[in-house]
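K.L.:
Before we start, here is the structure in question, set down as structure tokens.
The values are calculated or read from the model by the stated rules, or taken from the named source; none is laboratory data. Here the structure is a predicted model, which is why all the values come from computation and not from measurement. All Cβ positions, even for glycine, are placed from backbone atoms using ideal geometry, and neighbour counts span all protein chains on display.
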Amino acid sequence: MDKIEKILRYYLLTNKLKDTIRTGWKYWNVKKQRLESVAEHIYGTCMLAIAVWSETLPPVNLAEVLMTLAVHETEEIIIGDLTPFDAGYKDKKIKGEQAIKKIFAGLMAEEVFVTLIKNFDEQSTPEAQFAYKVDKLECDIQAKIYDEQKFLKLENANEKIKKDVRIKKLTEKGVKDAYKFFVYMDRQAMQKNLKQGESDIFLEISKYIEKHSLPKV
């Protein structure tokens, strides 16, 4: 296989993510005619990362963050968009590692991409930690968007969601707004690698969208 075929093969494989709808929105039965695809989520994470980096100038390599966000979900081309609500989620890491080796097979920079994804999964570098928080926060913001548009409601969710232990605990605590289930469940990720009582921009944004309407644009 020559380099042109390799380029086209990889592009055509990843292009499938444009038609792969995010599984979570299906489970929540978001009542919108057109739902977010995995490719759109990836685009959203990159745009969010650029904005956060611009306004905080953290000591991370933005190019590495963006490349990580661009490639870390390519595994879903093969294994699908598994969520914590899926029975097979516990094996996602192993399946994902096997999938990315097939997807990047033959590319000269294969090891670069595989390493970026490994770093993301293990959050072993500042760039991976930054990308991980962006990935979580982008989903929370999208949930807030759907909620404000009246498309996201707990009563519409399937039984897999309603019977989840975490959802039940939050419901018992009086949580009603659907987007807050996303915010609260991802709050742990916002606090990861922070010292007790410490805050950062991701945690601040998480708290902001919990309490305020999104800006009008």
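K.L.:
Of everything in the range 177-215, what is modelled with pLDDT of 95 or more and either among the small types (Gly, Ala, Ser) or outside any helix (DSSP H, G or I) (or both)? Give them in sequence order.
P.N.:
Asp177, Ala178, Ser206, His212, Ser213, Leu214, Pro215
K.L.:
Every residue in the range 88-107 that is of a type in the set (A, V, I, L, M) and either touching a residue at least 60 places away in the same chain (Cβ under 8 Å) or under 11 Å from Thr74 (Cα atoms) (or both), please. Break it down stepwise before answering.
P.N.:
Here is the first cut: in the range 88-107, the ones of a type in the set (A, V, I, L, M) are 94, 99-100, 103, 105, 107.
Matches in the range 88-107: Ala99, Ile100, Ile103, Leu107.
K.L.:
Which numbered condition in (1) more than 20 Å from Lys101 (Cα to Cα); (2) under 17 Å from the mean Cα position of the chain (by Cα) is the only one that Ile79 fails?
P.N.:
Just one mismatch for Ile79, condition (1).
Results for (1) within 30 Å of Glu155 (Cβ to Cβ); (2) loosely packed, with under 12 Cβ neighbours inside 10 Å, shown as yes or no for each residue.
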{"site": "Ile4", "(1), (2)": "no, yes"}
{"site": "Leu12", "(1), (2)": "no, yes"}
{"site": "Trp28", "(1), (2)": "yes, no"}
{"site": "Leu35", "(1), (2)": "yes, no"}
{"site": "Ile77", "(1), (2)": "no, no"}
{"site": "Phe85", "(1), (2)": "yes, no"}
{"site": "Glu111", "(1), (2)": "no, yes"}
{"site": "Ile117", "(1), (2)": "no, no"}
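K.L.:
Checking Ala49 against (1) surrounded by fewer than 19 Cβ atoms within 10 Å (Cβ to Cβ); (2) out of contact with any Lys or Arg (no Cβ under 9 Å at 6 or more places or on another chain); (3) farther than 21 Å from Lys93 by Cα; (4) among the aliphatic types (A, V, I, L, M), which single condition isn't satisfied?
P.N.:
Single failed check for Ala49: (1).
K.L.:
Let me ask you something else. What number of residues in the range 119-134 are of a type in the set (Gly, Ala, Ser) and loosely packed, with under 13 Cβ neighbours inside 10 Å? Break it down into steps so the answer makes sense when it comes.
P.N.:
Applying the first criterion (of a type in the set (Gly, Ala, Ser)) to the range 119-134 yields 124, 128, 131.
Add one more test, that the residue is loosely packed, with under 13 Cβ neighbours inside 10 Å, and what stays is 124.
Adding up the residues that qualify gives 1.
K.L.:
For the range 1-74, please list each of the helices (runs of 4 or more DSSP H) lying entirely inside it that holds at least 1 residues being among the basic types (Lys, Arg).
P.N.:
It comes to 3-15, 23-27.
K.L.:
Check every one of the helices (runs of 4 or more DSSP H) wholly within the range 96-171 and list those with 2 or more residues that are within 18 Å of Phe85 (Cα to Cα).
P.N.:
Details: elements: 110-122, 126-148, 159-162.
Qualifying helices (runs of 4 or more DSSP H): 126-148, 159-162.
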